[in-house]
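The values are calculated or read from the model by the stated rules, or taken from the named source; none is laboratory data. What you see is a predicted model, and the numbers here were worked out from it, not measured in a lab. Neighbour counts run over all protein chains shown; Cβ positions are idealised from the backbone, glycine included. To get the accessible areas, we keep the full protein, side chains included, count just its heavy atoms, and leave off ligands, DNA and RNA. Shrake-Rupley method; radii C 1.70, N 1.55, O 1.52, S 1.80 Å.
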Amino acid sequence: MTEHRAERKKTTIPDLQKMKVEGRKIVMVTSYDFPSSQIADQVGVDSILVGDSYGMVVLGYETTIPVTMDELLPVCRAVNRGSSRPLLVGDMPFLSFQVSQEDAIRNAGRFIKEGGMEAVKIEGGKEMALIARSIVDSGIPVLGHIGVTPQTATLHGGYRVQGRTAKEGERLIANARALEEAGAFGIVLEMVTEEVAGRITGALEIPTIGIGSGRYCDGQVLVLNDVLGLYSRFTPKFAKRYVDLSQMIQRALQEYSGEVRSGQFPSMNNVFSMDPAEVSKLGPRRKG
Ligand code: KIV
């Protein structure tokens, strides 16, 4: 592992660009803590997103709406401490960038200065192009996010697949172009039909990273807890569960509980002992 690590270097935005040009798929995953970001780094994912999905899959909120900057920043710091190679992207929470350009720059800056992130993600298309431009102009790389945008899902009719009609497809392509023109270095496409996602990918110079948007994107992102089977409320159709950690954790905790109750744990392997000469000085052991 050490040897492998030594060979790898930090993933940069030009690296992602090069991957698109060379047709090498970009791997992005969310992470919300030190250990999982360490593992993501060790296996060589290209980029880690500290997603506002943290609010749902870790904090148990029903949606991503309540997540705050103050909740996400310590998470970003933990992810930063755990990983050195993947490009780190912080997800700007609802109302941390929509109110004004000044606010957007200030909060994006907090992700970089206080959270140790290297880029930020913002949800929204054309309507967010000016905000994206001002963040980029302040020196902070921006990843766009169109299609289903969970922060404004209510306004757009819920979690509805985007791009089912040619008209919707044209609108999505225009949104993607607006973000590219605003200086975004890439765009997340969430729950976009794969035909439209393919058109957007072909139309843009910058990479597209799909989640539920099919096979023709330049890369893929998944929520870590979906990959690991650690979110039981629902699993979206587009997510793939590679392991059922909930079940494994359940089994481990059942075994632990059983061993504590039966006295099997702790065993001799898990205890610290005194020098026998010292034990005799303690006096008799009381019962119970
Ligand atoms: O918050 C998140 O995890 C995301 C991904 C779904 C792209 O925005």
Crossing angle, helix 34-43 versus the chain [Cα axis fit, 0-90 degrees, rounded to tens]: 70
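About the Cα centre, and with charges only on the beta carbon of Lys, Arg (+1) and Asp, Glu (-1), how big is the dipole of the chain? Nearest 20 debye, please.
Details: 34 positive and 34 negative charges, 137 e Å.
Around 660 debye, computed over the chain.
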Between 0 and 90 degrees, rounded to the nearest ten: what's the tilt of helix 245-262 against the longest Cα principal axis of the chain? 10
Antiparallel DSSP beta bridges within the chain, percent to nearest 5: 5
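Ignoring ligands, DNA and RNA, how do 71, 102 rank by accessible area with a 1.4 Å probe, largest first? Write down the numbers at each step before the final one.
On the way: 71 50, 102 120 Å².
Correct descending sequence by accessible area is 102, 71.
Using a 1.4 Å probe over the heavy atoms of the protein chains, calculate the carbon and sulfur portion of the accessible area of the chain as a whole percent. Walk me through the intermediate numbers first.
Working: 8740 of 15550 Å².
Roughly 56 percent, rounded to a whole number.
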Below 17 Å, Cα to Cα, which lysines can residue 121 reach? Residues fewer than 8 away in the same chain don't count. 113
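At 222 nm, what value in deg cm²/dmol follows for the chain if DSSP H runs of at least 4 each add -39500 (n - 2.57) and the sum is divided by all its residues, to the nearest 500? Present the calculation step by step, with values, prior to reporting the outcome.
Details: 12 runs with 121 residues, N = 288.
That calculation yields -12500 deg cm²/dmol at 222 nm.
Students often check this: by mean Cβ neighbours within 10 Å, which of 124-132, 244-252 ranks highest, and how do the rest follow?
On the way: 124-132: 19.6, 244-252: 12.3.
So the order, starting with the most tightly packed, is 124-132, 244-252.
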Compute the distance from the alpha-carbon center of region 220-288 to that of region 191-206, in whole Å. 45
Check the straight Cα-Cα distances from residue 9 and name the aspartates and glutamates below 14 Å, setting aside those fewer than 8 residues away within the same chain. 41, 46
Compute the accessible area per residue over the chain, keeping the other protein chains in place, probe 1.4 Å, unit Å². 54
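Two decimals is fine: what's Rg over Rh for the chain, C-alpha atoms, Kirkwood radius as Rh? Mind showing how you got there, number by number?
On the way: Rg = 23.1 Å, Rh = 20.7 Å.
So for the chain, dividing Rg by the Kirkwood Rh gives 1.12.
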